[in-house]
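What follows is one structure encoded as structure tokens, with my remarks underneath.
The values are calculated or read from the model by the stated rules, or taken from the named source; none is laboratory data. Keep in mind that what you see is a predicted model, and the values were worked out from it rather than measured. Cβ coordinates were reconstructed from backbone atoms using ideal geometry, including for glycine residues, and neighbour counts include every protein chain displayed.
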There are 2 protein chains.
Amino acid sequence: MIIQKYGGTSVSTEAQIQGIAHNVAHLSAQGNPIVVVVSAMGNETERLLNLAHSLSPTPNRRELDLLLSTGEQVTSALLSIALQRIGCAAISMGAAHSLIRTRGVHSSAYINWVDELKLRRYLDAGTVVVVSGFQGVNDEGDITTLGRGGSDLTAVALAAVLKARECQIFTDVQGVYTADPRLVPRAKLLSNITFEEMLEMACFGAQVLQLRAVEFAYRYNVPLRVLSCFEECEGTVIDTEGVNMEDAEIRGIACNRDETRIMITAVPDIPGIAAKLLAPLITNGIHVDTIVQNIAAADSTDLTFTVSRLDALKAVEILRTTVENIGGGEILLDNTIAKISLIGVGVRTHTDIAARMFQILADLNVNILLIAASTMRISVIVKEEAVEIALPALHKAFGLDAAVSSADNLQ
Amino acid sequence: MIIQKYGGTSVSTEAQIQGIAHNVAHLSAQGNPIVVVVSAMGNETERLLNLAHSLSPTPNRRELDLLLSTGEQVTSALLSIALQRIGCAAISMGAAHSLIRTRGVHSSAYINWVDELKLRRYLDAGTVVVVSGFQGVNDEGDITTLGRGGSDLTAVALAAVLKARECQIFTDVQGVYTADPRLVPRAKLLSNITFEEMLEMACFGAQVLQLRAVEFAYRYNVPLRVLSCFEECEGTVIDTEGVNMEDAEIRGIACNRDETRIMITAVPDIPGIAAKLLAPLITNGIHVDTIVQNIAAADSTDLTFTVSRLDALKAVEILRTTVENIGGGEILLDNTIAKISLIGVGVRTHTDIAARMFQILADLNVNILLIAASTMRISVIVKEEAVEIALPALHKAFGLDAAVSSADNLQ
């Protein structure tokens, strides 16, 4: 049982779709049952988003889901046509086929149920099932999407239901690196990484995999393999067993530049004020991160946190109502920030990592705006322009320039 | 109760969608319940078709339906977003919402049932319902499309179910003309035309309305109004009452250049041979027209007919199997033909019309390849290059250059 997912950059052109069709047909001819999950072609999702935003700054999420889901439907139909053309039985399935039932808010719905029987019926007949990623249908019959990068989640959910040995995520990079190679030229490819480490990486900027997909894979113990659709490679395996875990204190450095810092000034300093302000955001599906509350004056406080830049305007709209009701000062936005995170199981045991990180940044004259930490991660929010110098310096100082990687092994 | 349908050229750009949103919001604010049916934006359907054909010369129709239906889904979501933006409650519905249930073959499915209760629930709440045209869902949960121009059928079916006073079809022309103005500069706009006449016009090349939509409107007596979305105009009303019907022997001249002539040579001359050859085409949803059988030799015959050019390759594929089974010679294709039809209730009573038509063509040295006729129409198949001279000559000879039209009335 093989589950493969192809991202947008790997299905940008007809030629790429034909190439994938040949690979899939070859595997199918060997008798493997195959499910292929596809994303929208190239920049189609951006194009559709731009159309929506040209008509409204805050398009309704139900309509947006209906709009964006078409991108993946197009790709799945085309791949199915390409497979049939070369004599490989294939059928495409989009949201309308109710293969994946969802619940929860539009644009980041949860998967409730997968129609395993429908999948097995086709797979048992030797038919390749091509699934439009990123989408499902809820109990009201509305198309819902699974959040940015949601095709990964589709693939993992199908792999979990079908109990596949691994879920292959084809992308435009060779796997998971110790840092973004565009920012850190000496970044190394990791041959293995644990779910927990990958969760922190995905959460804090390594955009190879959708965070929720990694969580889902972790919970259902679906090994993931991230690999390139452009080059032959072993890729990076993400599972419960790390390699050389004890050697490395830090496994990677992530950088997230897609967040906005929101500060609410002069809110009453009463118990539960943070919950009052943030709860309406969370119930609207907005993920709130790196929250810090400062005592600014005797009876008032400042609340600072970050949200995804995509959600920033909606967050401000919601906050404005709350602030009017419970009192408070200004709502300030800052888009010129970045979040740098050190990730690794070593963070748990090596308590000096945070201190060393802060010292390195201080030596570089980089001002730290916010700090957050978990057992496996330390994150700092800095001004965006600091990334260029801070990232390579941290990569070197924590011994990642010299990390053994599968890329080295292949040379 | 207002039903409006906007075709592809009227929803090509964001600005056009905004324009429609303003008109619809204005009507809605006056308390009118409104359903709007939309086509795919501009050339989106062509773009998707080209993508499919670049991957396969004969793409599977199930996959093609899934692919093409996305075009209308995009437009309905965008129009709904544009309406909400200006404060008009709106909801979009695509195939996935099971508003329209279908049966029959992919790419030209039949409408079985419309969920009137779902429509009324939103309409009663003052919400504009924006429906993705051209599509429905069948009992297997597959998306099916209603044939080329199928958004017209969607609009008519909704108008019938909701018992609307008229169904407004917005297009890029001012209404129905006596002939195609691009081919006949003296063509006139008709203010009224009967369903029967329009059926013949739609069937034989006046591509303002989908043929099946006119049939459906005729059967359920839904008056249609074809009008321009670019200019204020009264348009053409299509209903059971014609105006000046007794005056005009011929109401219009249609020209169809989207057909292919197929000739099968040397088939055995036995009873039922035409049915044997053509039945497999018809069961595959291919419309066969203008059939002529010639006795070529003592025991064999030639069968000639026309099909839509889109269906030609598929038709040949099906015919090849049949011809192998029952015997027969070559299958010849000719794409360089056009069908010219004279249409009007007068054909019934003025028996000399056919003779006059043939004489006019003979005087122009235009060779007639096939002839077909009904009570309200005479059609001839000619070489495509003859259209340019034949059409204006026939238009003039049958008194249409001088026809009274609503365009004249407005001047």
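Applying the condition of being within 8 Å of chain A (Cβ to nearest Cβ) and touching a strand residue (DSSP E or B) at 6+ places or on another chain (Cβ under 8 Å) to the stretch B:81-96 and asking which residue is surrounded by the most Cβ atoms within 10 Å (Cβ to Cβ) yields B:Gly94.
With the structure loaded, tell me whether B:Ile17 is aliphatic (A, V, I, L, M) and within 23 Å of the chain's Cα centre (by Cα) or whether it fails that test. Criteria not met by B:Ile17.
Looking at B:Thr301, B:Thr321, which one is surrounded by 19 or more Cβ atoms within 10 Å (Cβ to Cβ) and of a type in the set (Ser, Thr, Tyr)? Spell out the reasoning first.
Working: B:Thr321 fails: surrounded by 19 or more Cβ atoms within 10 Å (Cβ to Cβ).
Exactly one of B:Thr301, B:Thr321 is surrounded by 19 or more Cβ atoms within 10 Å (Cβ to Cβ) and of a type in the set (Ser, Thr, Tyr), namely B:Thr301.
May I ask you to list the residues in the stretch A:127-146 that are among the β-branched types (Val, Ile, Thr), more than 10 Å from chain B (Cβ to nearest Cβ) and under 21 Å from A:Ile34 (Cβ atoms)? Working first, answer last.
Residues of the stretch A:127-146 among the β-branched types (Val, Ile, Thr): A:127-131, A:137, A:143-145.
The next check asks that each one be more than 10 Å from chain B (Cβ to nearest Cβ); those that pass are A:127-129, A:131, A:144-145.
Those that are among the β-branched types (Val, Ile, Thr), more than 10 Å from chain B (Cβ to nearest Cβ) and under 21 Å from A:Ile34 (Cβ atoms): A:Thr127, A:Val128, A:Val129, A:Val131.
Across the stretch B:252-286, the number of residues qualifying as at pLDDT 85 or above and not in a strand (DSSP E or B) comes to 12. Inside the stretch B:167-183, residues that are more than 12 Å from B:Leu227 (Cα to Cα) and surrounded by fewer than 23 Cβ atoms within 10 Å (Cβ to Cβ) make up a count of 4. Here A:Leu49 passes the criteria (1) within 9 Å of chain B (Cβ to nearest Cβ); (2) in a helix (DSSP H, G or I); (3) among the hydrophobic types (A, V, I, L, M, F, W, C) except the one numbered (1).
Residues in the stretch A:333-356 that are more than 17 Å from A:Glu200 (Cβ to Cβ) and surrounded by 13 or more Cβ atoms within 10 Å (Cβ to Cβ): how many? Break it down stepwise before answering.
If we filter the stretch A:333-356 for residues that are more than 17 Å from A:Glu200 (Cβ to Cβ), which is where we start, we get A:333-337, A:351-352, A:355-356.
Pick out the ones that are also surrounded by 13 or more Cβ atoms within 10 Å (Cβ to Cβ) and you get A:333-334, A:337, A:356.
Of the residues in that region, 4 qualify.
Taking the options A:Leu99, A:Leu66, A:Leu78, name whichever one is without any contact (Cβ under 8 Å) to a residue 60 or more places away in the chain and within 12 Å of another protein chain (Cβ to nearest Cβ).
A:Leu99
Restricting attention to the stretch A:98-111, does a residue exist that is closer than 24 Å to A:Ala254 by Cβ, touching a Cys at 6+ places or on another chain (Cβ under 9 Å) and modelled with pLDDT under 95? No, the stretch A:98-111 has no match at all. Total residues in the stretch A:52-63 satisfying the condition of being assigned to a helix (DSSP H, G or I) and either without any contact (Cβ under 8 Å) to a residue 40 or more places away in the chain or among the aromatic types (Phe, Trp, Tyr) (or both): the figure is 5. Total residues in the stretch A:23-44 satisfying the condition of being within 12 Å of chain B (Cβ to nearest Cβ) and in a helix (DSSP H, G or I): the figure is 1.
Can we say A:Gln4 is within 8 Å of another protein chain (Cβ to nearest Cβ) and in contact with a helix residue (DSSP H, G or I) (Cβ under 9 Å, 6 or more places away or on another chain)? No; evaluated as a whole, the condition is false for this residue.
Out of all the residues in the stretch A:252-287, which are without any contact (Cβ under 8 Å) to a residue 24 or more places away in the chain and touching a strand residue (DSSP E or B) at 6+ places or on another chain (Cβ under 8 Å)? Step through it out loud before you land on a result.
If we filter the stretch A:252-287 for residues that are without any contact (Cβ under 8 Å) to a residue 24 or more places away in the chain, which is where we start, we get A:270-272, A:275, A:279, A:282-283.
Answer for the stretch A:252-287, where residues must be without any contact (Cβ under 8 Å) to a residue 24 or more places away in the chain and touching a strand residue (DSSP E or B) at 6+ places or on another chain (Cβ under 8 Å): just A:Ile282.
What are the residues in the stretch A:21-60 that are within 13 Å of A:Ala90 (Cα to Cα) and either crowded, with 20+ Cβ neighbours inside 10 Å or under 18 Å from the mean Cα position of the chain (by Cα) (or both), if any? A:Ala21, A:Val24, A:Ala25, A:Ser28, A:Pro33, A:Ile34, A:Val35, A:Val36, A:Val37 - these are the residues of the stretch A:21-60 that are within 13 Å of A:Ala90 (Cα to Cα) and either crowded, with 20+ Cβ neighbours inside 10 Å or under 18 Å from the mean Cα position of the chain (by Cα) (or both). Looking at the stretch A:270-284, can you tell me whether even one residue there is among the hydroxyl-bearing types (Ser, Thr, Tyr) and either under 30 Å from A:Glu249 (Cα atoms) or in contact with a Leu (Cβ under 8 Å, 6 or more places away or on another chain) (or both)? No - not one qualifying residue is present in the stretch A:270-284.
On inspection, B:Ile169 fails the criterion of being closer than 25 Å to A:Arg62 by Cβ and aliphatic (A, V, I, L, M). In summary, A:Asp289 fulfils each of the numbered conditions (1) in contact with a Ser or Thr (Cβ under 8 Å, 6 or more places away or on another chain); (2) charged (D, E, K, R); (3) more than 30 Å from A:Tyr110 (Cβ to Cβ) with the single exception of condition (3). No other residue among A:Val222, A:Val208, A:Val173 is at pLDDT below 85 and assigned to a loop (DSSP other than H, G, I, E, B) apart from A:Val208. If you go through the stretch A:52-63, how many residues are in contact with a Ser or Thr (Cβ under 6 Å, 6 or more places away or on another chain) and facing chain B (nearest Cβ under 8 Å)? Within the stretch A:52-63, residues that are in contact with a Ser or Thr (Cβ under 6 Å, 6 or more places away or on another chain) and facing chain B (nearest Cβ under 8 Å) number 1.
If you go through the stretch B:112-149 and pick out every residue that is crowded, with 22+ Cβ neighbours inside 10 Å and free of Cβ contacts under 8 Å to residues at least 60 places away in the same chain, you end up with 2. For the stretch B:403-410, the criterion of being in a strand (DSSP E or B) and modelled with pLDDT under 90 is met by none of the residues.
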